[in-house]
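A short write-up of the structure that comes next.
The values are calculated or read from the model by the stated rules, or taken from the named source; none is laboratory data. Since this is a predicted model, take the numbers as computed values, not measurements. Backbone-built Cβ (ideal geometry, glycine too); neighbour counts: all protein chains shown.
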Amino acid sequence: MPRTGFIILAACVVLAAASPRGETQQAANPQKAQPTYVGSQACQSCHPQEYARFKKYSKMSRAYTHVLVMKKGLTENEYQGCLKCHTTGFGKPGGFVSQKKTPRLAQVGCEACHGPGSIHVASSDPKDIRKVVSVKNCQVCHTNGRAGAFRYSPMLYGGAH
Ligand code: HEC
Ligand code: HEC
Ligand code: HEC
Ligand code: HEC
């Protein structure tokens, strides 16, 4: 390994030892960094058409609002149970927590289908984001019980944008 490389690596090791877990791991090894959720608005500037269509036509972009309308009649437990399907990334690292803490991730957003987008937003590299969205990605929320008549093939291409 060239000498400068070694010095940088050594500096990273020192850093990693000195600071709290997580952050330095990313700094020392950017290739292995995991993307986190950033919210649909962060996609708007580069994908204005997908954004506009999704906002206008997809009820998914209002899914959390629909739960809020019903919240009064729900126990806290029942309400929490709605969130994994009616928000973005609930229960996953960096995903929706609450309206107060993570307002950008309320509603079902781009990243519910395309996966967390922080790395792609920074790089603009198509390799950093999931393009091929399969029926499996839908079934996380569109379970058979919820939507028996869900017709995947036409909707896979028609439902989002
Ligand atoms: C700074 C600009 C930028 C931002 C912000 C951005 N993208 Fe992209 N994205 C691109 C470019 C450039 C491409 C490649 C060309 C194209 O397909 O338009 C791309 C491609 C894609 C693709 C297709 C990938 C492929 O393999 O063809 C998807 C899906 C995507 N972006 C989703 C998103 C989502 C979701 C967000 C928000 C989390 C987002 N993008 C934010 C620039 C951006
Ligand atoms: C994170 C959970 C989640 C994922 C993933 C998801 N959906 Fe949805 N989808 C919902 C929810 C919740 C609704 C109901 C929105 C409402 O009316 O409140 C919905 C509604 C819909 C509707 C009907 C209403 C509309 O938006 O026009 C279609 C079509 C749809 N989804 C297609 C898809 C497809 C296709 C996929 C996969 C490519 C998918 N969804 C992935 C949660 C999800
Ligand atoms: C397993 C995922 C999942 C959970 C959990 C879930 N939903 Fe949904 N919800 C969906 C999907 C998928 C749809 C869209 C069904 C369709 O259009 O085929 C939907 C649709 C809706 C709609 C729109 C119904 C309509 O007729 O347009 C409302 C309102 C709603 N859900 C409220 C709730 C509430 C409140 C909770 C919690 C008590 C909840 N959901 C829990 C997945 C879920
Ligand atoms: C319900 C799931 C779903 C959501 C939500 C969703 N997409 Fe997509 N997206 C898809 C599917 C399916 C494709 C087609 C992928 C393929 O070609 O196989 C796609 C393709 C794309 C592409 C590639 C170019 C194209 O249009 O074919 C871009 C860019 C993109 N989406 C951006 C976005 C952005 C930005 C948002 C949020 C505003 C978003 N998507 C929300 C399912 C979704």
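Points to keep in mind about this one:
- Residue 54 more than 9 Å from ligand 4 (Cβ to nearest atom) and aromatic (Phe, Trp, Tyr): no
- When the range 124-155 is filtered for residues that are modelled with pLDDT of 60 or more, among the aliphatic types (A, V, I, L, M) and more than 16 Å from residue 43 (Cβ to Cβ), the ones remaining, listed by number, are 132, 135, 140.
- Identity of the residue in the range 57-99, of a type in the set (Phe, Trp, Tyr) and assigned to a helix (DSSP H, G or I), that ends up surrounded by the most Cβ atoms within 10 Å (Cβ to Cβ): 64
- Residues located in the range 70-112, provided they are closer than 22 Å to residue 54 by Cα, of a type in the set (D, E, K, R) and touching a helix residue (DSSP H, G or I) at 6+ places or on another chain (Cβ under 9 Å): 104, 111
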